[in-house]
Amino acid sequence: MELKSACRMLLFPIQMFYHIVRAGLLSLLPSSKKDLSKEVILITGGGRGIGRHLAKEFAKQGAKKVILWGRTEKCLKETAEEISLSGSECCYFVCDVANREEVYKQAKVVREKVGDVTILVNNAAVVHGKSLMDSDDDALLKTQHINTLGQFWTTKAFLPRMLELQHGHVVCINSILSQSPIPGAIDYCTSKASSLAFMESLTLGLLYCRGVSCTTVLPFHTNTEMFRGMRVRFPQLFPPLKPEIVAQKTVDAVRTDKAFLYLPWTMHALVILKSFMPQVALEEIHRFSGSYTCMNTFKGRT
């Protein structure tokens, strides 16, 4: 037994080197993309912002059915009608993912009226853009309930059937702020960090579940209504992402079974730097980039 353990320890660094080299080589080669023609996709927060563009992109790339969830019926209806006019099947249900009972109830309705969801996209999110002391307690709770706990309820509602079918995909639209927080959005950064831990744990937990996989997307500041007024100090160096680009890259990541997607790719460098740089250096980076003041002009949704 001791000899076997010793052999495993000796082989471990060789295996790690092999996987790193293999992943690097595979990233240079074109990946085959899975067909979406039999997929039923449910997108939370699908009425506007990134969710709306995700719905349009999934439909454009041949999804069988697209289902929208959200709290504002007007936005959901407009998006569903736009997608239906393009020739794709799309429907919507008013559902607040922060409400556990409502999620389970609407999930049952979806199964009865539309069928089994095979791709779940957890996109719904809110941000209040205030410091801890300036934040209302109920607003802080609302962010955690929607951005984090909502994923627990939706995943628990749809993942069991995916496991039965041995076919499914769970997607999370996260944020680079989950790994590199900024002042002035403490509720959002905390909720996204929790959401990232949830997805990392879920991804590892599904390693041996045939046919079911996960994708976590970590984009830089995206130019949507939710972050209206947020200012980037050097927009030429760090331009805000366009939501349609985030949607396109996300759908491509799903089709190639990519577990984690950083947008843009330079965000990898930020995570690596944070892993070994001293706190004082990180503080200087925040001062240089203007992250201490970027939320001063934040307006968010009206």
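Any read-out appearing in this document is the output of simple, stated calculations on the displayed coordinates, not a laboratory observation. Owing to the predicted nature of the structure, the values given are computational and were not obtained by experimental measurement. Counting neighbours? That spans all protein chains shown, and the Cβs are built from the backbone with ideal geometry, glycine included.
Test of understanding: express the Cα radius of gyration of segment 1-158 as a ratio to 2.2 N^0.38 Å, with N the residue count.
Here the answer is 1.40, to two decimals.
Check cross-link reach from Lys105 to the aspartates and glutamates: straight Cα distance under 15 Å, and skip same-chain residues fewer than eight apart.
Partners within reach: Asp96, Asp116.
7 Å from Cα along Cα→Cβ at both Ser194 and Glu112: what's the point-to-point distance in nm?
Between Ser194 and Glu112, the simple spin-label model gives 3.1 nm.
Could you work out how much longer the chain between Lys33 and Arg8 gets when fully extended? Use 0.36 nm per residue separation minus the Cα distance between them, nm to one decimal.
5.5 nm
Please compute the length gained on full extension between Leu132 and Leu163, using 0.36 nm multiplied by the number of residues separating them and subtracting their Cα-Cα distance.
Stretched out fully, the Leu132 to Leu163 stretch lengthens by 7.2 nm.
Using per-residue counts of other Cβ atoms within 10 Å, averaged over each peptide, order 36-46, 119-129, 179-189, 87-97 from highest down. The partial results should precede the final answer.
Values: 36-46: 22.6, 119-129: 24.6, 179-189: 20.9, 87-97: 18.8.
Per-residue mean Cβ counts within 10 Å order the peptides as 119-129, 36-46, 179-189, 87-97.
Could you rank the peptides 102-110, 134-142 by their average count of other C-beta atoms within 10 Å per residue, with the highest value first?
102-110, 134-142
Defining a contact as two alpha carbons under 8 Å apart and six or more residues distant in sequence, what relative contact order in percent does the chain show?
Relative CO of the chain lands at 17 percent.
Determine the dipole magnitude for the chain: charges of +1 sit on the beta-carbon of Lys and Arg, -1 on that of Asp and Glu, nothing else is charged, the reference point is the Cα centre, and the result goes in debye to the nearest 20.
For this selection, approximately 520 debye.
Once both labels are modelled 7 Å past Cα along the beta-carbon direction, what's the Ala281-Trp265 spacing in nm?
Label-label distance for Ala281 and Trp265, simple model: 2.4 nm.
So if I average 1/r over every pair of distinct C-alpha atoms in segment 152-271 and take the inverse, what Kirkwood radius in Å does that give? Don't skip to the end; give the middle numbers.
Numbers: mean 1/r = 0.0648 Å⁻¹.
When all Cα pairs of segment 152-271 are included, the Kirkwood radius is 15.4 Å.
Excluding Lys142 itself, calculate the net charge of residues whose Cβ lies under 12 Å from the Cβ of Lys142, where each Lys or Arg counts +1 and each Asp or Glu counts -1.
-4
Suppose each label sits 7 Å from its Cα in the direction of the beta carbon; what would the Lys105-Lys142 distance come out to in nanometres?
2.0
Report Rg/Rh for the chain, rounded to two decimals, where Rg is the Cα radius of gyration and Rh the Kirkwood radius.
That ratio is 0.99, to two decimals.
Calculate how many DSSP beta bridges within the chain are antiparallel, expressed in % of all such bridges and rounded to the nearest 5. Mind showing how you got there, number by number?
On the way: 0 of 29 bridges.
So the antiparallel bridges amount to about 0 percent of the total.
Under the rule of at least 5 residues apart or a separate chain, name every residue whose amide H is placed under 5 Å from the amide H of Tyr262.
Leu218
My understanding is that a pair violates if its Cα-Cα distance is over 23 Å; which of Lys34/Lys192; Lys108/Lys156; Lys34/Lys258; Lys38/Lys108 do that in this structure?
Lys34/Lys192
Hey, can you rank 272-278, 160-166 by average C-beta count inside 10 Å, highest first?
So the peptides 272-278, 160-166, ranked by packing, come out 160-166, 272-278.
Radius of gyration and Dmax for segment 127-190's Cα atoms, expressed in Å?
15.1, 47
Amide H to amide H under 5 Å from Thr222: which residues, 5+ apart in sequence or cross-chain, H placed 1.01 Å off N in plane?
Hits under the 5 Å cutoff: Leu241.
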